[in-house]
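Visitor: Please see the structure below; I have some questions.
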Amino acid sequence: MSKSYKKPQSNKLIQIGVMGSAADLEYSKDLEKIAEEIGREVANKGAALLFGAEKDYDSLSTAACRGAKKAGGLTIGVTYGKKEKTFEGADIIIASGMERGGGRELNLVLSCDAIIAINGGSGTLTEMVIAYQANIPIVVIENTGGWSAKMAGQFFDARNRVRVLTAKTPKEAVEIALKEIKNTPRK
């Protein structure tokens, strides 16, 4: 892991979640490469990567996990149901005991210090809204489509809790996330 990122004074490891479309939304290979690059950047900054560990198909989140693993980073997958037949590429798997559609996503997002979203369908939207409600910084990659594109630069409602921040590159997304973690008090 790179020494370029200086952790806050506490010994707590920064945890960045990467959220994105599942393979059934037929995302492009370009988006998959962006996700892998985000994973590498998270690992290179010395942060842990959290993601939704799917059991039945690939996703942009699992692509980010692969990128982090290639860079020697720590990866933590949160899966639905039990730990059986789950994604095998993570260092740590947390079985939520809950199903897709809210329960697993709640555990995943509330374990993150910030999230980075790429593209995204309804699951990614759920994760972004949970982050919004919990005042967890949200960063999206510009021009990746899905809910990331729809919410870029926006607030989810009139309470203006957390603006969805935009980045042009994976490196910039991770840098923004780290800056926001440092500057955003958790309530």
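The values are calculated or read from the model by the stated rules, or taken from the named source; none is laboratory data. Owing to the predicted nature of the structure, the values given are computational and were not obtained by experimental measurement. Here the Cβ is made from the backbone with ideal geometry for all residues, glycine too, and neighbour counts use every protein chain on show.
Visitor: In the range 164-174, how many are touching a residue at least 24 places away in the same chain (Cβ under 8 Å) and surrounded by fewer than 18 Cβ atoms within 10 Å (Cβ to Cβ)?
Guide: 3
Visitor: Which members of the range 148-187 meet the condition of being over 21 Å from G20 (Cα atoms) and of a type in the set (A, V, I, L, M)?
Guide: A158
Visitor: So, one more: Please enumerate the residues belonging to the range 63-80 that are β-branched (V, I, T) and surrounded by fewer than 24 Cβ atoms within 10 Å (Cβ to Cβ).
Guide: I76
Visitor: Scan (1) part of a loop (DSSP other than H, G, I, E, B); (2) at pLDDT 95 or above; (3) under 16 Å from the mean Cα position of the chain (by Cα) for the single condition A43 breaks and write down its number.
Guide: Among (1) part of a loop (DSSP other than H, G, I, E, B); (2) at pLDDT 95 or above; (3) under 16 Å from the mean Cα position of the chain (by Cα), the lone unmet condition for A43 is (1).
Visitor: Could you tell me which of the residues A134, A177, A173 is of a type in the set (A, V, I, L, M, F, W, C) and over 27 Å from D30 (Cα atoms)?
Guide: A134
Visitor: Name every residue in the range 118-141 that is under 14 Å from G20 (Cβ atoms) and part of a loop (DSSP other than H, G, I, E, B), in order of residue number.
Guide: N119, G120, G121
Visitor: What number of residues in the range 95-116 are under 14 Å from Q15 (Cα atoms) and either assigned to a helix (DSSP H, G or I) or among the hydrophobic types (A, V, I, L, M, F, W, C) (or both)?
Guide: Counting residues in the range 95-116 that are under 14 Å from Q15 (Cα atoms) and either assigned to a helix (DSSP H, G or I) or among the hydrophobic types (A, V, I, L, M, F, W, C) (or both) gives 8.
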